[in-house]
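Okay, structure first, notes after.
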Ligand code: DOR
Ligand code: ZN
């Protein structure tokens, strides 16, 4: 195994130092290290972060390998600075059995670019009718701890309660896609001034807020862990703030796109901006940013949702919701938060690793720690060219935008997955 001596790197924004990576670990840290056998990387001007962890990634394997595979999604993740991703269950077949989650987990290991941690479905086939085999998935080689019907809401309160009770036995967490389906029938975009002007059916904020309010009460009643996917409204933030003040075991994520883009984007009728939950208003964005700063929102998660051209480049009403995220998330975080490295490390690595129970991830580079880390050039700016992305899909909402920051290198257990901004394999 090659050793790497990373010279002059700022670890999470601190004064520059050297890091020696050997045998999968950060072996030493300090100024003026020497290691004759090591490959030297000059990291002057670069920032080292604990490898990013995405709690919400859609890989499309099995079923839609034309849109993404475990391998292509893993490569996109590594290029985005990630060392671990949690793969959502809405594949085909659905990841609702030990067999399917083990398949995804095995494909992740074979690709070897990031740790792929499968998420299991809450209900059989995501149909919202019967609980899936949560225990069998938890006991499988994939050791599933997060369960989600994401893409669909677990709308039945009785099923939601039973799922919360069930996962308590192994300290699991239910990740809810909060959308009261009766309030979003036919919805095409955020319900508000812009939807009225465009004549598109609206997805009201209350459809999200009502489910979050219900589920924090259920989680409180049962004493279980609840996670809320892609929080998108100011009202949701207030519900979560109250729940956290009462000590409810709830965590929440926000996506990069909900921190940056507004519902005005729908006026272009370009389906690249169609996403679920929909892009909201500038007021919602301000509340989400404040909640990310004060901790009511725990993490940034990408909701990386690759879609094939025929599912995306069609009329708005027929297009699938979702946008790419893995290769641009850190740049959007830098744009939104500025160089607040400790906050970025917390929201994009440490906290998601804790929520997912990924013990070897989310640790700041220091002697003895597994060498899962990424090197960022904060001064670089890059133009996003969809054709240059490693994802098999092209549905980025940031096409031809100039974004700050560039991932220079990523290490997974001491082995580079990205060097010089390029995937190693
Ligand atoms: O926009 C979305 N796309 N939201 C979801 O909840 C699911 C996802 C997908 O699977 O494409
Ligand atoms: Zn979702």
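Annotations
- Both radii are taken from the alpha-carbon atoms of the range 316-425; with Rh as the Kirkwood radius, Rg/Rh is 0.99.
- Each Cα pair under 8 Å and six or more residues apart adds its sequence gap; the mean of these over the residue count of the range 117-256 is a relative contact order of 19 percent.
- For the range 248-305 versus the range 157-176, the inter-centroid distance based on Cα atoms is 25 Å.
- For the range 234-351: rounded, prolate or oblate by the Cα gyration tensor [a/c cutoff 1.5]: prolate
- Candidates 131, 79, 226, ranked by Gaussian network fluctuation over the chain, Cα under 10 Å, top entry: 131
- Under the criterion of Cα pairs below 8 Å and six or more residues apart, the relative contact order for the chain equals 20 percent.
- Percent of beta bridges antiparallel (DSSP, the chain, rounded to nearest 5): 45 percent
- Relative packing of 242-254, 327-339, which averages over residues the other C-beta atoms within 10 Å, highest first: 327-339, 242-254
- GNM result for the chain, Cα springs below 10 Å: residue of 49, 358, 288 fluctuating most strongly: 358
- Nearest 10 degrees, 0 to 90: helix 98-111 Cα axis against the chain principal axis: 30 degrees
- Most simply put, the range 374-425 has about 100% antiparallel DSSP beta bridges, counting only bridges with both residues inside it.
- Cα gyration tensor shape of the range 26-169, rounded if a/c is under 1.5, else prolate or oblate by comparing a/b with b/c: prolate
- Axis angle, to the nearest 10 degrees, between helix 282-294 and the longest C-alpha principal axis of the chain: 50 degrees.
- Value of relative contact order over the range 192-310, rounded to a whole percent, pairs C-alpha under 8 Å and six or more apart: 27 percent
- Enclosing the Cα atoms of the range 181-234 in their convex hull gives a volume equal to 79 cubic angstrom per residue.
- Calculated SAXS-style log₁₀ I(q)/I(0) at q = 0.06, 0.08, 0.14 Å⁻¹ - the chain, Debye, Cα scatterers: -0.22, -0.40, -1.27
- Between 0 and 90°, nearest 10: helix 234-245 axis offset from the chain longest Cα axis: 70 degrees
- Distance between the range 1-68 and the range 362-389 - C-alpha centres, whole angstrom: 7 Å
- Stokes-Einstein diffusion for the range 139-268, with the hydrodynamic radius set to the Kirkwood value over Cα pairs and evaluated at 37 °C in a medium of 0.692 mPa s, equals 210 µm²/s.
FYI, it's all coordinate maths here, none of it is from the lab. Owing to the predicted nature of the structure, the values given are computational and were not obtained by experimental measurement. For neighbour counting, all protein chains shown are included, and Cβ atoms are generated from backbone atoms with ideal geometry for every residue, glycine included.
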